[in-house]
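Asker: One structure coming up, written as structure tokens, with questions to follow.
The values are calculated or read from the model by the stated rules, or taken from the named source; none is laboratory data. Just so you know, these numbers come straight off a predicted model, no measurement behind them. For neighbour counting, all protein chains shown are included, and Cβ atoms are generated from backbone atoms with ideal geometry for every residue, glycine included. For accessibility, only protein heavy atoms count, side chains too; no ligands or nucleic acids. Shrake-Rupley method; radii C 1.70, N 1.55, O 1.52, S 1.80 Å.
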Amino acid sequence: MLTLYDNRGSTNAIKVRFLLAELGLDYETIDVPLDDKPAWYCDLHPFNLLPTLVDGDLTITESNTALRYLAAREGRDDLYPADPVGRARVDMLLDSLSLEVRPALWAAEEPVVYGLPSDVDWRPALDRALTGYERLLADDGYAVGDFSIADCAIAGRMQYIGQLPIDLGRFPRLDRVLQLTFARPAYRAAV
């Protein structure tokens, strides 16, 4: 039985819930507060972050790893290609999202979405990150053309992008991917 240590407000957890819904997998949810996590959770996750996915003796503490694992576990090469070229394209989108886009997006979300004080102008960094990410996305369809785990990651991470004062029209590929992905029934179930 799969167990997801989760919080409905966690964008990283949304990614995993989205894929679980796409795959139609049953799982147990254990709610963990975003702040002031209990000591038992600190023992489970070495960085005290959310989510954590447990499958038997396997504990996965990174959301993108959970996406890769679940697709492979279910034999879903359509979601995470077995061929090296297709897999590299999905991995590039996952890694760029985490390493390039997420820090810039988080710097914008802190003051705008969460109301935290900030003395940094987050707009230039976010613009650079989204401009670069736009170049990696497919010309049509989803992030790599067909729906994949990259779309689960993008939708989860960009859950709050509509609340930011940015013009998504400047990023037509990203805007298209988000519209397609946000319309999926499994995404709506995840949020």
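Asker: With unit charges on the beta carbons (Lys and Arg positive, Asp and Glu negative) and the dipole taken about the Cα centre of the chain, which residue among Gly9, Gly132, Leu97 sits farthest to the positive side?
Answerer: Sorting the options by dipole projection puts first Gly132.
Asker: Here's another thing I want to ask about it. Could you work out what % of the accessible surface of segment 13-57 is carbon and sulfur, using a 1.4 angstrom probe and leaving DNA, RNA and ligands out of the count?
Answerer: 49
Asker: Still on this structure, please answer the following. Helix-only estimate, please: 222 nm mean residue ellipticity of the chain, summing -39500 (n - 2.57) across DSSP H runs of length 4 or more and dividing by its residues, to the nearest 500.
Answerer: Mean residue ellipticity at 222 nm (helix-derived): -14500 deg cm²/dmol.
Asker: Can I ask one more? Rank Phe47, Phe147 by accessible area, highest first, at a 1.4 Å probe radius?
Answerer: Phe47, Phe147
Asker: With every protein chain left in place and a probe of 1.4 Å, what is the accessible surface of Ile149, to the nearest 10 Å²?
Answerer: The accessible area comes out at roughly 0 Å².
Asker: Show Lys15, Lys37 ordered by accessible area, largest first, where the area counts protein heavy atoms only and the probe is 1.4 Å.
Answerer: Lys37, Lys15
Asker: State the percentage of accessible surface on segment 141-191 attributable to carbon and sulfur atoms; use a 1.4 Å probe and exclude ligands, DNA and RNA.
Answerer: 51
Asker: Segment 52-133: Rg/Rh from Cα coordinates, Kirkwood Rh?
Answerer: Using only Cα positions, Rg/Rh for segment 52-133 is 1.10.
Asker: Could you put Asp35, Asp55 in order of accessible surface area, largest first, with the 1.4 Å probe and the full protein assembly present?
Answerer: Asp35, Asp55
Asker: State the dimensionless ratio Rg/Rh of segment 1-94 (Rg: radius of gyration of Cα atoms; Rh: Kirkwood radius).
Answerer: My calculation of the ratio gives 0.99.
Asker: For segment 1-125, give me the percentage of DSSP beta bridges that are antiparallel, rounded to the nearest 5 percent.
Answerer: If we restrict to bridges inside segment 1-125, about 60 percent are antiparallel.
Asker: Could you work out, for the chain, what percent of all Cα-Cα pairs fall into each 5 Å distance bin, beginning at 0 Å and stopping at the bin that holds the largest distance?
Answerer: Each 5 Å bin holds this share of Cα pairs: 1, 8, 16, 20, 20, 17, 11, 6, 1, 0.
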